[in-house]
Amino acid sequence: MDKKIKYYLDRGMDYDMAKYFATAERTIIEVIPNNDYTLTLKFDNDEIRKYDCNDLIEKGTVFEFLSDYDNFKRVYLDESNVVSWDKDPNIDSNLNWSNKVDLSSDTLYVKSIPQDLGKMKL
């Protein structure tokens, strides 16, 4: 086993996350909402991946408001290239941080599914 992967495993990460951090962190450069509550993500290595948000959107969670597709499709990359949504689009989330929900770019990479570039258009 690679020493770097072992380093992260020894710190409590699961194998997929340890492998991700041992090889290279990725930055999301584009996000597109899909009608089926998935996100198409383009990373800085030109990799296209799809992340399913359906399991996040549950009653009583911070993501509940995304069950309204009009809210879901307002996804954006913030100034740190983090996938984000503003709960209320009329409030500046830079001034009121509790207005924004976001997803970790690292988790999105590890938990998303690579897409066939021949079939994808961004």
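The values are calculated or read from the model by the stated rules, or taken from the named source; none is laboratory data. Just so you know, these numbers come straight off a predicted model, no measurement behind them. Every residue, glycine as well, gets a Cβ built from its backbone with ideal geometry; the counts of neighbours run over all protein chains shown.
Points worth noting:
- Only a single criterion out of (1) closer than 17 Å to L41 by Cα; (2) outside any loop (DSSP other than H, G, I, E, B); (3) touching a residue at least 24 places away in the same chain (Cβ under 8 Å) is not satisfied by N81, namely (2).
- Some residue of segment 88-96 being loosely packed, with under 12 Cβ neighbours inside 10 Å, small (G, A, S), over 30 Å from Y7 (Cβ atoms) and free of Cβ contacts under 8 Å to residues at least 24 places away in the same chain: no
- Residue among L95, L103, L56 that alone is farther than 30 Å from D10 by Cβ, out of contact with any Lys or Arg (no Cβ under 9 Å at 6 or more places or on another chain) and of a type in the set (A, V, I, L, M, F, W, C): L95
- Residue within segment 71-78 that is within 18 Å of the chain's Cα centre (by Cα), over 23 Å from I113 (Cα atoms) and at pLDDT 90 or above present: yes
- Among the candidates V82, V110, V62, residue that is buried (at least 16 other Cβ atoms within 10 Å of the Cβ) and either out of contact with any Phe, Trp or Tyr (no Cβ under 6 Å at 6 or more places or on another chain) or modelled with pLDDT of 95 or more (or both): V82
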